[in-house]
Amino acid sequence: MSAAETLTSAVKADAPPAILLERVNKWFGSLHVLRDVNLSVAQGERVVVCGPSGSGKSTLIRCINRLEEHQEGRISVDGIELSDDLKALDAIRREVGMVFQSFNLFPHLTILENCTLAPIWVRKMPKKEAEALAMEYLTRVRIPEQAGKYPGQLSGGQQQRVAIARALCMQPKIMLFDEPTSALDPEMIKEVLDTMVMLADTGMTMICVTHEMGFARQVADRVVFMDRGEIVEQGEPEAIFSNPQTDRLKLFLSQIL
Ligand code: ADP
Ligand code: MG
């Protein structure tokens, strides 16, 4: 290990976890959707979350930036505890970018405007600077030539790459992905996964809900399997996919592989 690497790992060991969930419980009415969830994600770690439909995966990641509110337990992001304090919530939302299954682009704004809207209005960035930043990220997701078009003129895969670029324009430290490829035609899945791999290579902390096991094997440090609101098993991709311990995970794998 070089001196620089030693320094980096020493700094990382001292840093608070990027994301920490402690005994998190959530109900929708009487439906108990997160049950005593404990999860610690280190800075720079890539976690893939999988599990059957309805197991609480979306709810879990939506609780991290308060798109959903949990009722019990603690969630902190980069050492900041999520609470009713609006300043804390604001600070957390600045650090966390999110990409959804349904791209959620604004249809009446151009690709460039989609990317500059939040930096200009939320971050108070000068327009020229926001546009330069947006072009940088659109180049990184390899669609700078689409900047002047509207979302409806782009393919699903291109729209999802715009959604990723748009999230990156807020310069988050953590990216959350909720099944980003499951609404896409098969031929477009790869271009979005390639973009996510590129992002992983930059050292971004990521939580990705996905059933793309090739992607999980390629980039995940850890795979978390959820079922009925609980984390049932977690481990390195190889261990999870090749040596599942529970019947629930064995059944799930037999259905998706
Ligand atoms: P997953 O992402 O794993 O498919 P979700 O987190 O979306 O699961 O949902 C977990 C459970 O919570 C499901 O039973 C779902 O129907 C329910 N649920 C999700 N969102 C809501 C909501 N806003 N109101 C009521 N029930 C919800
Ligand atoms: Mg979901």
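Among 246, 205, 195, determine the one that fluctuates most according to a GNM of the chain built with springs between C-alpha atoms less than 10 Å apart.
246
When the chain is fully extended, how far beyond the present Cα-Cα distance does residue 106 get from residue 36, taking 0.36 nm per residue of separation?
Gain in length upon complete extension: 21.6 nm.
Below 8 Å, C-alpha to C-alpha, sequence gap of six or more: please give me the relative contact order for the range 19-174 in percent.
Relative contact order of the range 19-174: 21 percent.
How far is it, in nm, from the label point at residue 67 to the one at residue 28 when both lie 7 Å from their Cα along the line to the Cβ?
1.3
Excluding residue 189 itself, what net charge comes from residues whose Cβ is under 14 Å from its Cβ, given Lys and Arg +1 and Asp and Glu -1? Mind showing how you got there, number by number?
Working: positive: 161, 190; negative: 179, 185, 187, 191, 194, 212.
The answer is -4.
Treating only the Cα positions of the range 170-257 as identical point scatterers, give the base-10 log of I(q)/I(0) from the Debye formula at each q in 0.14, 0.23, 0.25, 0.26 Å⁻¹.
-0.53, -1.26, -1.38, -1.42
Could you work out [θ]222 nm for the chain from helices alone, using -39500 (n - 2.57) per DSSP H run of at least four and dividing by all its residues? Round to the nearest 500 deg cm²/dmol.
Values: 10 runs with 107 residues, N = 257.
The helix contribution divided over the chain gives -12500 deg cm²/dmol.
What is the percent carbon and sulfur in the accessible area of the chain, measuring with a 1.4 Å probe over the protein chains and ignoring ligands?
The value for the chain is 52 percent carbon and sulfur by accessible area.
Mind checking which lysines have their Cα closer than 25 Å to the Cα of residue 149? Skip sequence neighbours fewer than 8 apart in that chain.
Qualifying lysines at Cα under 25 Å: 124, 127, 128, 190.
Based on DSSP, what percent of beta bridges with both residues in the chain are antiparallel, to the nearest 5?
55
For the range 139-214, what class follows from the C-alpha gyration tensor (a ≥ b ≥ c being the square roots of its eigenvalues): rounded when a/c is under 1.5, otherwise prolate if a/b is larger than b/c, else oblate?
Judged from the Cα gyration tensor, the range 139-214 comes out oblate (a/c at least 1.5, b/c at or above a/b).
Which whole-number percent of Cα pairs in the chain have a distance greater than 23 Å? All intermediate terms of the calculation are to be shown ahead of the outcome.
Values: 17607 of 32896 pairs.
Cα-Cα pairs in the chain separated by more than 23 Å: 54 percent.
Mind checking which of 244, 229, 204 is farthest towards the positive end of the chain's charge dipole, using Cβ charges of +1 (Lys, Arg) and -1 (Asp, Glu) about the Cα centre?
Going by the Cα projections, it comes out as 204.
Quick check: residue separation of residue 242 and residue 129 times 0.36 nm, minus the Cα distance between them. What number comes out in nm?
Extra length available between residue 242 and residue 129 comes to 35.9 nm.
Could you identify which residue out of 229, 203, 51 has the top mean-square fluctuation in a GNM of the chain using Cα springs shorter than 10 Å?
Of 229, 203, 51, the most mobile in the Gaussian network model is 203.
Between residue 228 and residue 122, what is the label-point separation in nm under the 7 Å Cα-to-beta-carbon projection?
Label-label distance for residue 122 and residue 228, simple model: 3.7 nm.
Add +1 for every Lys or Arg and -1 for every Asp or Glu among the other residues with Cβ under 15 Å from the Cβ of residue 222, and state the total. Present the calculation step by step, with values, prior to reporting the outcome.
Details: positive: 46, 57, 217; negative: 45, 221, 233, 236, 238.
Once positives and negatives cancel, what remains is -2.
How big is the dipole moment of the chain about its Cα centre under a simple scheme where the beta carbon of each Lys and Arg is +1, that of each Asp and Glu is -1, and everything else is neutral? Debye, nearest 20, please.
On the way: 28 positive and 34 negative charges, 100 e Å.
The dipole of the chain has a size of about 480 debye.
The values are calculated or read from the model by the stated rules, or taken from the named source; none is laboratory data. Fair warning: this is a prediction, and the values are worked out from it, not measured in the lab. Neighbour counts are summed over all protein chains in view; Cβ atoms, including those assigned to glycine, are modelled from backbone coordinates with ideal geometry. Note: accessible area is taken over every heavy atom of the protein model, side chains too, but ligands, DNA and RNA are not part of it. Shrake-Rupley method; radii C 1.70, N 1.55, O 1.52, S 1.80 Å.
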